[in-house]
Amino acid sequence: MASIAETSLDFAHVAHPSPTPAERRATVLADPGFGIAFSDHMVTIEWSEERGWHDAKVGPYGPITLDPATAVLHYAQEVFEGLKAYRHGDGSIALFRPEANAARFNASARRLAMPELPEELFLESVRQLVLTDRDWFPTIEGGSLYLRPFMFATEAFLGVRPAKQFKYMVIASPAGDYFKSGAPAVSIWISDYSRAAPGGTGAAKCGGNYAASLVPQAEAIARGHDQVVFLDAAERKWIEELGGMNLYFAFDDGSLITPPLSGTILPGITRDSLLTLAREEGLTVREERYSIDQWEADTRSGRLVECFACGTAAVVTSVGKVEGREHAFTVGSGGPGQLTMKLKDRLVSIQRGTAPDTHGWVKKIA
Ligand SMILES: *Cc1c(COP(=O)(O)O)cnc(C)c1O
């Protein structure tokens with residue numbers, strides 16, 4: 001569908017008139033937290049039915065003005081992505097599998113009745129922002145520049161139908177550890193709520209899914225846990241995923257299970273990368289349904305030795321305590337597992353350029 005004109009859009013560049021003073025930026029970059037601070041610029045590209053994608057721009061980061069009737073504010077027609085840029089030891093800048101983010105962005109867009117963005121334009125938009133704000137990489141160990149591409153309906157119209165006007169944007173946020181303490185293991189609450197139902201939007205990365213997960217997440221926090229785990233909506237039996245991370249279960253016979261992409265789970269790029277890395281480690285990996293009762297039974301018998309959650313923001317994190325209305329158990333030692341740490345190290349080393357990239361996953365952009 002992408003015409004040549006669309007994929008070769010020229011980006012206008014407007015420098016920030018009063019960029020963050022170097023001293024303040026240095027303070028931020030020494031302890032960025034997650035999702036709190038933003039770089040000086042952002043990308044915007046407009047879409048309309050008549051003109052397709054147009055007006056690509058890297059401009060000053062700042063508020064946007066919306067008509068109160070803007071469709072996204074009423075019907076949540078919005079999709080997003082999340083990926084990281086890494087500064088390697090040799091000073092070069094790399095992205096990890098950004099083509100996979102571009103493809104998933106379009107899969108999400110199709111589900112939300114939104115226009116697709118040519119993959120080259122997605123990649124170019126991210127590249128342009130990172131190069132413009134290349135001074136925004138955290139100076140702390142384990143830091144990265146988190147990139148958030150997103151698209152939403154901008155048409156001012158209250159009728160219920162797909163909008164005819166959209167805005168695509170990319171913002172960048174220097175990032176340290178996603179979990180405050182760099183948590184050794186997260187504690188999770190088994191929610192009575194559902195995140196996604198068959199035929200719903202569970203496989204799309206859209207704001208609406210997150211809106212629906214906030215009450216369950218808040219409930220988990222109120223009960224003293226870090227995260228919430230969702231069971232399938234139909235049988236309330238099969239483990240699906242956390243609010244924003246996929247799950248893996250490791251057994252004492254060297255096998256690994258992760259729930260299959262059945263349409264109600266977000267197809268994580270971290271999940272997919274770990275499928276490959278785990279097989280290279282000689283593990284038998286199966287994409288297979290796994291029930292909550294089995295999880296507890298296998299933990300108690302010692303057959304299940306580790307469990308971990310994975311996603312771009314927090315990479316790989318062990319699951320320790322698990323609790324629900326009918327369940328309470330602790331996986332392994334309750335701390336970070338050996339295999340979990342090994343797989344995390346394998347992945348992070350590739351992302352950070354300290355181990356060879358034998359899969360063509362690392363894309364150097366500078
Ligand atoms: C983004 C996301 C993930 C993880 O995907 P990655 O590509 O690994 O970052 C998992 N679950 C949900 C619900 C998500 O939104």
The range 333-366, residues that are basic (K, R) and either over 18 Å from the mean Cα position of the chain (by Cα) or assigned to a strand (DSSP E or B) (or both): K342, R346, K363, K364
Qualifying position, being among the acidic types (D, E) and open to solvent by less than 40 Å² (accessible area, probe 1.4 Å), among E120, E155: E155
Those residues of the range 221-265 which are buried (at least 21 other Cβ atoms within 10 Å of the Cβ) and farther than 25 Å from L343 by Cβ, in sequence order: D232
Breaking point among (1) in contact (Cβ under 8 Å) with a residue 24 or more places away in the chain; (2) surrounded by fewer than 19 Cβ atoms within 10 Å (Cβ to Cβ); (3) not basic (K, R), for Y178: (2)
Any hit, the range 310-328, residues being part of a strand (DSSP E or B), of a type in the set (S, T, Y) and open to solvent by 30 Å² or more (accessible area, probe 1.4 Å): no
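Please count how many residues of the range 303-356 are of a type in the set (D, E, K, R) and within 16 Å of the ligand (Cβ to nearest atom).
So the count comes out to 2.
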Scope the range 242-256; condition closer than 11 Å to F230 by Cα and not hydrophobic (A, V, I, L, M, F, W, C); matching residues: G243, G244, N246
Some residue of the range 251-258 being at pLDDT 95 or above and under 18 Å from the mean Cα position of the chain (by Cα): yes
Pair list, Cβ < 6 Å and 6+ apart or interchain, from the range 221-246 residues that are under 18 Å from T317 (Cα atoms) and within 14 Å of the ligand (Cβ to nearest atom) to residues that are among the basic types (K, R) and open to solvent by 20 Å² or more (accessible area, probe 1.4 Å): F230/R195
Flag if F150 is assigned by TED's automatic domain parsing to the domain that holds R104 and aromatic (F, W, Y): yes
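Can you name every residue in the range 88-108 that is over 19 Å from A203 (Cα atoms) and surrounded by fewer than 20 Cβ atoms within 10 Å (Cβ to Cβ)?
Result: H88, G89, D90, G91, S92, I93.
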Residues satisfying the stated conditions in the range 72-81, i.e. open to solvent by 10 Å² or more (accessible area, probe 1.4 Å), in contact (Cβ under 8 Å) with a residue 40 or more places away in the chain and hydrophobic (A, V, I, L, M, F, W, C): V72, A76, F80
Test: residue in the range 267-276 that is within 16 Å of the ligand (Cβ to nearest atom), open to solvent by 40 Å² or more (accessible area, probe 1.4 Å) and either free of Cβ contacts under 8 Å to residues at least 60 places away in the same chain or charged (D, E, K, R) (or both): yes
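The values are calculated or read from the model by the stated rules, or taken from the named source; none is laboratory data. This is a predicted model, so every value here is computed, not measured. Positions of Cβ are backbone-derived with ideal geometry, glycine not excepted, and every protein chain shown enters the neighbour counts. Keep in mind that these areas ignore ligands, DNA and RNA; they rest on the heavy atoms of the full protein, side chains included. Shrake-Rupley method; radii C 1.70, N 1.55, O 1.52, S 1.80 Å.
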